[in-house]
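Derivation of every value follows stated rules applied to the coordinates shown; laboratory data play no part. Everything numeric in this text was worked out from a predicted model, so none of it was measured.
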């Protein structure tokens with residue numbers, strides 16, 4: 001298990017995002033969205049309610065995870081193939 005936080009400059013304050021998540025969940029419930037449609041609905045609604053900030057945060061997290069994964073792979077390769 002590898003844990004990698006979102007870069008601080010891209011993170012949304014918990015107190016702000018918590019309210020937005022609660023609002024999005026309530027709207028999803030009212031709209032009757034269920035099953036496999038929940039995640040796309042919530043991501044879209046969060047993006048709308050945060051004016052794109054949640055999507056930017058998710059993109060930063062994906063990029064940061066890719067960087068960490070590449071770094072881990074590089075170090076493993078060095079250990080395995082170093083003469």
Helix 14-31 axis, angle to the chain major axis (alpha carbon atoms, nearest 10°): 50 degrees
Relative contact order, percent, the chain [alpha-carbon distance under 8 Å, six or more residues apart]: 42 percent
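Rg(Cα) of the range 11-81 divided by 2.2 N^0.38 Å? Don't jump to the answer; show the numbers that get you there.
On the way: Rg = 17.1 Å, N = 71, 2.2 N^0.38 = 11.1 Å.
The reported ratio for this selection is 1.54.
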